[in-house]
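Structure first, then comments.
The values are calculated or read from the model by the stated rules, or taken from the named source; none is laboratory data. If you're wondering where the values come from, they're calculated on a predicted model, not measured in any experiment. Cβ sites come from the backbone with ideal geometry, for glycine too, and all protein chains shown count toward neighbours.
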């Protein structure tokens, strides 16, 4: 597996890298083991709580000679019960480019408690972003891993959607300023990387915004860290939010809390059928209004 910078389908973003993989020879069977994901469990009963579980291990196995793929999981918690997933063999389609591949599949399966699984939709892709920059004292570097996203229904009672615990979103940041002399000024910034890291209990998260500036002529900051943000869940996905958050700012490798960059409010929401995209809106110092849209993988 090699590493190349940029991703043409989304536009080249300075400083970003994209993990890639080689296409497999036909006839070869290969197993991708222990892809660890978070489960979002959505009850069909709208009065029941949507929950999330971290560190669910999935396994994906290909028989490329037959053009088939199977997915299974270790034990997970669904509605207070423990069970695991085993899919039926599924056909898959493949997209291959010079920077990697994505394989998409649909099918059915069964849970270990006997419940049928339907509308199992998934993708395994090497086209995902990764920005391995340490912020000292705040956040380290996660293990590199292929991305797998899944959505499936368990009987008539639950829908499960997966997402990674450590995600790097790329896209465009739009900035508007109401500072003196800059009223109405706005510009688009394409270098920022938004990292979202969930706590193991899935109740809080840390967001790191790399390579950000808020107005033309202002310094570009290496990283801004927002810790202990609240996480809530709904049938639409997850929302990460906080108010009056003093960020830890990294400049020239040094990290300190900086009141002058107070985040008056912050809100990041997952979007997309497979929760691979997000929208993010926040205000800094009461004068910089920021919006971002991006995604962490292409499939």
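Numbers at a glance
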item	result
Flag if residue 206 is in contact with a strand residue (DSSP E or B) (Cβ under 8 Å, 6 or more places away or on another chain), outside the structural domain of residue 123 (by TED's automatic domain parsing), farther than 30 Å from residue 47 by Cα and buried (at least 17 other Cβ atoms within 10 Å of the Cβ)	no
Residue ID - farthest from residue 137 (Cα to Cα), chosen from residues in the range 222-235 that are surrounded by 21 or more Cβ atoms within 10 Å (Cβ to Cβ) and touching a residue at least 60 places away in the same chain (Cβ under 8 Å)	223
Residue match in the range 172-184 (condition: at positive phi and in the same structural domain as residue 286 (by TED's automatic domain parsing))	yes
Of all residues making up the range 51-70, the number that are surrounded by 13 or more Cβ atoms within 10 Å (Cβ to Cβ) and assigned to a loop (DSSP other than H, G, I, E, B)	2
Every residue from the range 261-299 that is farther than 18 Å from residue 165 by Cα, part of a strand (DSSP E or B) and touching a residue at least 60 places away in the same chain (Cβ under 8 Å)	284, 288, 289, 290, 291, 292, 293
Qualifying position, being in contact with a helix residue (DSSP H, G or I) (Cβ under 8 Å, 6 or more places away or on another chain), farther than 24 Å from residue 200 by Cβ, without any contact (Cβ under 8 Å) to a residue 40 or more places away in the chain and not assigned by TED's automatic domain parsing to the domain that holds residue 51, among 249, 258	249
Test: residue in the range 276-286 that is on the phi > 0 side of the Ramachandran plot and touching a helix residue (DSSP H, G or I) at 6+ places or on another chain (Cβ under 9 Å)	yes
Complete set of residues in the range 209-221 that are surrounded by 20 or more Cβ atoms within 10 Å (Cβ to Cβ) and more than 13 Å from residue 290 (Cα to Cα)	210, 211
Selection from the range 171-202 of residues that are at pLDDT 95 or above and loosely packed, with under 13 Cβ neighbours inside 10 Å	200, 201
Residue 192 within 22 Å of residue 133 (Cβ to Cβ) and in contact (Cβ under 8 Å) with a residue 60 or more places away in the chain	yes
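Each row is one residue, and each column tells you yes or no for (1) surrounded by fewer than 18 Cβ atoms within 10 Å (Cβ to Cβ); (2) farther than 27 Å from residue 294 by Cβ; (3) at pLDDT 95 or above.
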{"residue": "72", "(1), (2), (3)": "yes, yes, yes"}
{"residue": "78", "(1), (2), (3)": "no, yes, yes"}
{"residue": "83", "(1), (2), (3)": "yes, yes, yes"}
{"residue": "91", "(1), (2), (3)": "yes, yes, yes"}
{"residue": "108", "(1), (2), (3)": "yes, yes, yes"}
{"residue": "119", "(1), (2), (3)": "yes, no, yes"}
{"residue": "127", "(1), (2), (3)": "no, no, no"}
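Conditions tested, residue by residue: (1) under 17 Å from residue 193 (Cβ atoms); (2) surrounded by fewer than 18 Cβ atoms within 10 Å (Cβ to Cβ).
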position	(1), (2)
237	no, no
240	yes, no
248	yes, no
256	no, yes
259	no, yes
268	yes, no
278	yes, no
285	no, yes
288	no, no
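For every residue, the table says whether it meets (1) in the same structural domain as residue 159 (by TED's automatic domain parsing); (2) at pLDDT 70 or above; (3) surrounded by 14 or more Cβ atoms within 10 Å (Cβ to Cβ); (4) not in a strand (DSSP E or B).
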position	(1), (2), (3), (4)
13	yes, no, yes, yes
21	yes, no, yes, yes
35	yes, yes, yes, no
49	yes, yes, no, yes
101	yes, yes, yes, no
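Here is a yes/no grid of residues against (1) under 24 Å from residue 231 (Cβ atoms); (2) touching a strand residue (DSSP E or B) at 6+ places or on another chain (Cβ under 7 Å):
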{"site": "41", "(1), (2)": "yes, yes"}
{"site": "77", "(1), (2)": "yes, yes"}
{"site": "92", "(1), (2)": "no, yes"}
{"site": "96", "(1), (2)": "no, no"}
